[in-house]
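> Handing you this structure, nothing more for now.
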Amino acid sequence: MSSDRTDGRDPKAPPAKAPHLRAPRPEGASNRPNAAPGRTMRIRFARTGPAAWLAHLDLMRTFERSLRRTGLPLAFTQGFSPHPVMTFALPLGVGVDTEADVADIALSEDVAPEDFAARLSAAFPEGLRVLSAHLAPEGGESLMAAVRAATYELSGPGVGTAAGRLPPEGPLVVEKKGKDGAKPVDVRPLLIALEVRSPDGVRVLVKAGSRENLRPDLFLQALSVHAGLPSEEAADAAIVRTALWTAGPDGALGILG
Amino acid sequence: MPPVTLPRRILRSVEKPARYVGGERNAVRKTLPAPGTPEAAAFARFAFCFPDVYEIGMSHSGLRILYHVLNRRPDTWCERAFAPWTDMEEAMRREGIPLFSLESRTPLREFDFVGFTLQYELSFPNVLAMLDLAGIPLRTAQRGDADPFVIAGGPCAYNAEPIADFLDLVVLGEAEESLDELMDAYVAWKAAGGGPREAFLARASAIPGVYVPSFYDVAYHDDGTVASVLPNRPEAPARVRKRIVKDLDAAPFPEADLVPNLETVHDRVFLELFRGCIRGCRFCQAGFVYRPVRERSPGVLRAQASASAAATGHEEVGLLSLSTSDYRRLPELTDGLVEDLAHQRVNLSLPSLRVDSVSLELMEKASKVKRAGLTFAPEAGTQRMRDVVNKGIGEEDLLRSLRLAFEGGWNGAKLYFMLGLPTETMEDVEGIAALARSVEALWRSIPRELRLRPLDLDVSASMFVPKPFTPFQWEPQDTVPSLREKSRHLRELLRGSRAIRYQWHDTDQSFLEAVLARGDRRLGAALEEGVRRGRRFDSWDDRFDLAAWLGILDGLGLDPAFYANRRRPYDEVLPWDHLDVGVSRSFLVKEAKTAQEGDTTPHCREKCVGCGAAVYGGGVCFE
Ligand code: SF4
């Protein structure tokens with residue numbers, strides 16, 4: 001009600017934002033972060049409630065702003081638009097809760113992990129919480145490359161019963177909708193283990209990460225296509241990621257982070 | 001009634017579900033007083049509605065300021081609602097979910113107030129669609145004592161007559177103070193037992209700046225023009241005058257501002273340098289209705305920037321005002337901000353600066369923080385036309401600024417123009433192309449080693465829409481075929497240059513905008529019918545359908561050209577003549593005549609021309 005333009009211009013046109021017009025960079029600008037070695041904080045975090053409906057990019061922006069609100073000594077990228085340096089282990093789907101996600105955040109000075117966890121939790125919006133924090137090990141595989149598998153708990157009327165009805169072997173083909181239409185995907189080879197917890201709940205361990213990944217909604221679709229779960233129930237089921245797994249030195253799965 | 005539940009299957013089926021769930025940082029949740037207690041009887045719930053999608057509404061500074069103003073009251077809880085996109089509206093209607101607030105998911109019809117900000121005329125249909133989805137009777141006459149009071153403000157409230165039959169209350173001008181007074185009156189009235197709606201409206205109409213449309217009767221002549229708008233109750237003043245905040249330094253500012261869930265159009269901390277504009281460009285409604293200019297001091301702005309960046313985590317601070325370069329202490333302010341924000345790793349983004357005062361120094365300063373694209377608004381292509389609209393800049397000013405910019409490393413700019421301005425001829429249209437070509441020639445004259453990238457010049461044309469409370473309020477809008485022809489001609493002239501990109505605003509939308517901008521209450525029936533037939537998001541060019549609207553207007557015997565394309569005599573009663581923005585009608589007539597002569601008028605700091613806004617006793621008029 002104060003001073004927005006009312007002269008007949010398109011109200012949605014951003015006035016001073018023309019991304020195709022690049023301004024010059026100052027000399028010596030680069031995107032190299034000023035992170036100090038050995039100062040990367042690894043956190044486990046939970047999300048639920050309204051935050052569960054943020055898409056991955058929106059979640060990253062929310063993290064960035066929360067980090068800025070903490071006032072902690074963060075490492076920033078260089079250049080015109082400095083950003084905190086963060087890595088997420090595995091993107092979360094829209095409408096998926098988590099109790100076990102992992103992210104790395106680079107610091108410019110030492111911070112006690114407990115302080116870090118408390119201050120970030122306090123700066124988060126509704127639905128996000130830091131579960132634990134510790135310094136990330138130096139070197140080694142990147143967080144994203146380390147992910148091998150994920151556990152999901154799926155619940156809703158009849159979800160467990162339907163999971164129990166899935167044929168024990170053979171392909172479980174579903175339609176994965178993408179930008180260029182639907183593609184058939186066989187869920188079976190991506191499914192590592194399945195445990196019916198109650199008539200209304202199932203826990204699945206599935207392949208996850210940048211190489212092979214099963215989205216939990218595709219598993220729900222398999223329940224609907226191959227085990228008679230009404231598609232409305234499949235669309236309505238609660239999805240919680242309860243663990244992220246990496247491969248240990250012996251090749252066995254170990255909890256990530 | 002319990003809060004609305006949103007099944008996951010709905011949120012999973014719609015685009016951008018984060019629009020509908022709330023939970024943002026700095027969103028306000030309050031505990032409601034227990035029902036039946038005296039506290040509950042003296043508590044007000046206000047749903048602040050923006051009649052467009054979340055990303056647009058959350059960009060709006062007025063919403064964020066008033067959210068803060070209302071929520072700092074212990075006796076009031078202000079929540080938000082936005083227009084659900086069509087996919088969500090369909091799902092809600094299918095599942096019987098009424099429109100709800102984001103904070104507590106309470107159905108809107110349970111609120112004491114449902115308030116809309118009217119930022120553009122084409123959002124009027126969405127206002128009605130939101131009321132309908134909320135289950136609130138559309139017309140004030142149909143509402144009962146249990147229904148909320150529907151209130152509106154914002155720039156289009158200066159002529160809200162087309163939706164006046166749907167609004168219980170309208171606040172004119174800056175609402176920071178009047179809204180507080182209104183809530184005081186409401187809470188007192190409610191605590192004393194309430195009563196019939198009219199009793200509260202009568203009290204409200206005594207508050208300066210509060211307009212109760214149902215307290216005014218409109219009579220028409222046989223030719224369809226307005227004969228009179230007269231109060232029908234003793235409490236209602238003959239004229240309602242807009243409110244302003246005299247001291248901007250003392251005006252409330254939301255440091256802990258809402259942090260949106262989704263990327264919004266203006267996703268940054270906003271600093272309001274001043275309100276109003278000294279310039280008086282004759283097409284610009286904002287330049288008149290926000291008079292007089294009042295500035296905020298650099299110290300206050302710097303404190304606001306730092307505190308707000310810290311409380312929101314925004315990575316950018318933007319300057320907000322109608323003509324930033326007219327801020328008298330701009331260098332002092334930007335110096336200070338650059339220094340403060342560098343520590344916080346926050347960018348300062350400079351908005352378009354006025355071409356006659358863009359200084360190399362300021363640009364250099366911006367380079368330490370962030371350089372945005374350059375935008376200039378010459379508005380017209382020839383000096384004659386610029387004089388008619390009182391845009392006091394010349395071609396040399398523009399070219400001089402651009403030379404500095406190009407030498408400083410910029411490779412492009414965006415130039416804004418208007419088509420269909422009063423007295424415009426094809427020669428003026430051709431002047432736009434000539435100006436763009438001069439910029440191209442200028443670019444070629446810059447030493448090659450400074451031209452690291454090819455030139456990128458945006459020429460953008462919008463269609464002139466005559467607005468109330470401007471010197472052009474009596475002018476006919478150019479017709480759609482003529483505007484189309486001008487735009488086509490301009491496109492032809494600009495074709496062949498790879499450096500120039502021509503963009504234009506939809507002529508059809510501008511036509512309906514012109515109908516509504518100077519419309520009267522009879523248009524309400526058309527809006528109602530449009531919404532019944534599913535018209536939504538008319539400000540989105542891909543959703544707009546002029547033919548549908550013309551069919552509706554025709555069916556109701558309403559002639560759009562009567563509103564848009566007719567020259568109105570100076571002595572005609574205008575539908576908004578009972579509203580008062582401080583600027584006098586006689587001044588506007590004088591300006592209109594000066595424009596016809598092709599003469600310019602000095603701005604407020606060159607010479608006060610006695611526009612009438614001095615009645616507010618502050619700002620630039622008393623500097
Ligand atoms: S009264 Fe004079 S100084 Fe004040 S706004 Fe009008 S023209 Fe400007």
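The values are calculated or read from the model by the stated rules, or taken from the named source; none is laboratory data. No experiment lies behind these values; they were computed from the predicted model shown. Heads up, the Cβs are rebuilt from the backbone with ideal geometry, glycines too, and the neighbour counts pull from every protein chain shown. SASA here: full protein model, heavy atoms, side chains in, ligands and nucleic acids out. Shrake-Rupley method; radii C 1.70, N 1.55, O 1.52, S 1.80 Å.
> At most 12 other Cβ atoms within 10 Å and a DSSP loop assignment: could you name the GluC sites (Glu not before Pro) in the range A:133-172 that fit?
Sites meeting the loop and neighbour criteria: A:138, A:141, A:169.
> In square nanometres, what is the average projected area of the Cα convex hull of chain B?
27.7
> Beyond a 20 Å Cα-Cα separation, which of these cross-linked pairs lie in this structure: A:179/A:207; B:391/B:593; B:30/B:246; B:242/B:467; B:190/B:242?
Flagged as over cut-off: A:179/A:207; B:30/B:246; B:190/B:242.
> Which loop trypsin sites (Lys or Arg not before Pro) in the range B:234-267, with loop taken from DSSP, have no more than 12 other Cβ atoms within 10 angstrom of their Cβ?
Sparse-neighbourhood loop trypsin sites (Lys or Arg not before Pro): B:239.
> Same structure again: Looking at the range B:421-569 from every direction and averaging, what is the projected area of its Cα convex hull in nm²?
Result: a mean projected hull area of 11.3 nm².
> Once each part is reduced to its C-alpha centroid, what is the distance from the range B:90-166 to the range B:524-590 in angstrom?
Between the Cα centre of the range B:90-166 and that of the range B:524-590, the gap is 20 Å.
> To the nearest Å, what is the center-to-center distance of the range B:433-490 and the range A:178-257, using C-alpha atoms only?
55
> Using only the Cα atoms of the range B:377-479, what semi-axes does the equivalent ellipsoid have when each is the square root of 5 times a gyration tensor eigenvalue? Give whole Å, largest first.
Value: 30, 12, 11 Å, ordered largest first.
> Moving on to the next point. Go ahead and collect, in residue order, the members of the range B:261-285 whose backbone nitrogen is under 19 Å from a label point 7 Å along the Cα-Cβ direction of residue A:56.
B:262-263
> How big is the protein assembly as shown by Rg and Dmax over its Cα atoms, in Å?
Considering the protein assembly as shown through its Cα atoms, Rg and Dmax are 29.1, 92 Å.
> How many percent of all Cα-Cα pairs in the range A:144-255 sit more than 16 Å apart?
The share of Cα pairs beyond 16 Å in the range A:144-255 comes to 58 percent.
> Further, regarding this structure: In chain A, which longest range has no trypsin sites (Lys or Arg not before Pro) that are both DSSP loop (not H, G, I, E or B) and surrounded by at most 11 other Cβ atoms within 10 Å?
In chain A, the maximal stretch lacking such sites is A:1-178.
> What is the Rg over Rh value, at two decimals, for the range B:244-370, using alpha-carbon atoms and the Kirkwood definition of Rh?
On the Cα set of the range B:244-370, Rg over Rh gives 0.96.
> Quick one: Debye curve from the alpha-carbon atoms of chain A only, equal weights, vacuum; give me log10 I(q)/I(0) at q = 0.08, 0.10, 0.13 Å⁻¹ to two decimals.
Debye curve over Cα of chain A, log10 I(q)/I(0) at q = 0.08, 0.10, 0.13 Å⁻¹: -0.42, -0.63, -0.94.
> I'd like the projected area of the range A:52-202, averaged over all directions, using the convex hull of its alpha carbons. Report it in nm² with one decimal.
Average of the hull's projected areas for the range A:52-202 equals 12.4 nm².
> Quick one: dipole size for chain A, taken about the Cα centre, charges +1 on Lys/Arg Cβ and -1 on Asp/Glu Cβ, in debye to the nearest 20.
680
> Cα centroids of the range B:6-53 and the range A:41-97: how far apart, whole angstrom?
24
> A follow-up question, please. List the trypsin sites (Lys or Arg not before Pro) in the range B:247-293 that DSSP assigns to loop (not H, G, I, E or B) and whose Cβ has at most 10 other Cβ atoms within 10 Å. Which are they?
Here no trypsin sites (Lys or Arg not before Pro) fit, given the DSSP loop and packing criteria.
> Can you tell me the accessible area per residue over the protein assembly as shown, all protein chains present, probe 1.4 angstrom, in square angstrom?
Each residue of the protein assembly as shown exposes 38 Å² on average to a 1.4 Å probe.
> Something else now. Quick one: dipole size for the range A:144-255, taken about the Cα centre, charges +1 on Lys/Arg Cβ and -1 on Asp/Glu Cβ, in debye to the nearest 20.
Using only the charged Cβ atoms, the result is roughly 320 debye.
> Within a 10 angstrom radius of each residue's Cβ in B:21-31, how many Cβ atoms of other chains show up on average? Whole number is fine.
Taking all residues of B:21-31 together, the mean is 4.
> Compactness ratio of the range B:461-528: Cα Rg over 2.2 N^0.38 Å, N = residue count?
Dividing the Cα radius of gyration by 2.2 N^0.38 Å gives 1.38.
> Using 0.36 nm times the number of residues separating residue A:110 and residue A:142, minus their current alpha carbon distance, what extension gain do you get?
9.4 nm
> Here is a follow-up. Once you sort the root eigenvalues of the Cα gyration tensor of the range B:1-107 as a ≥ b ≥ c, which label holds: rounded (a/c under 1.5), prolate (a/b larger than b/c) or oblate (the other case)?
Here the range B:1-107 falls in the oblate category.
> Between residue A:80 and residue B:329, what's the calculated FRET efficiency when r is the beta-carbon distance and R0 is 30 Å? Round to 0.05.
Calculated transfer efficiency: 0.75.
> Across 5 Å bins from the origin, how do the percents of Cα pairs in the range A:40-136 run, short distances first?
All Cα pairs considered, the percentages come to 3, 14, 26, 29, 17, 9, 2, 0.
> Rounded to the nearest 0.05, what FRET efficiency do residue B:495 and residue B:141 give with R0 = 51 Å and r taken as the Cβ-Cβ distance? Could you check?
For R0 = 51 Å, the calculated efficiency reads 0.40.
> Quick test of your reading: applying the under-4.7 Å Cβ rule, which cysteines of chain B are isolated?
B:49, B:78, B:156, B:277, B:604, B:608, B:611, B:621
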